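The values are calculated or read from the model by the stated rules, or taken from the named source; none is laboratory data. Just so it is clear, the structure is predicted and the values come from calculations on it, not from any experiment. We place every Cβ from the backbone using ideal geometry, glycine too, and count neighbours over all the protein chains shown.
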C-alpha cells in the first residue's frame, strides 16, 4: 500500500485545525510540533482503513455503472 503523502500546505492546515480543536474542545494549547506529531499518528492509524473504504466505495460505484451499461446493451439488443 502506498504511504499517504500530504503537501506541506495541507499538513500545516490540518495541524492548525487540530490546534484549534484542542483549544476549543479541551481548553488546551497544542504546539505546532505536537499537532503535527498527532496528525502523523492519526494518519498512520486511520489512513489505511480510510483508503480501503474509499477503494471499496469506488469499486461499488463502478460496478453499478457497469451494471447500467449491461442493462442498456441488453435493451438495445432486444429492440
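Among (1) at pLDDT 90 or above; (2) more than 18 Å from the chain's Cα centre (by Cα); (3) loosely packed, with under 10 Cβ neighbours inside 10 Å, where does residue 75 come up short?
Going through (1) at pLDDT 90 or above; (2) more than 18 Å from the chain's Cα centre (by Cα); (3) loosely packed, with under 10 Cβ neighbours inside 10 Å one by one, residue 75 breaks only (1).
Taking residue 30 and the conditions (1) in contact with a helix residue (DSSP H, G or I) (Cβ under 6 Å, 6 or more places away or on another chain); (2) part of a helix (DSSP H, G or I); (3) free of Cβ contacts under 8 Å to residues at least 24 places away in the same chain, which numbered condition does it fall short on, given that it satisfies the others?
(2)
Report, by residue number, each residue of the range 1-20 that is within 14 Å of the chain's Cα centre (by Cα) and within 19 Å of residue 55 (Cα to Cα).
2, 3, 4, 5, 6
Among the candidates 51, 21, single out the residue that is surrounded by 10 or more Cβ atoms within 10 Å (Cβ to Cβ), in contact (Cβ under 8 Å) with a residue 40 or more places away in the chain and part of a helix (DSSP H, G or I).
Answer to the selection: 51.
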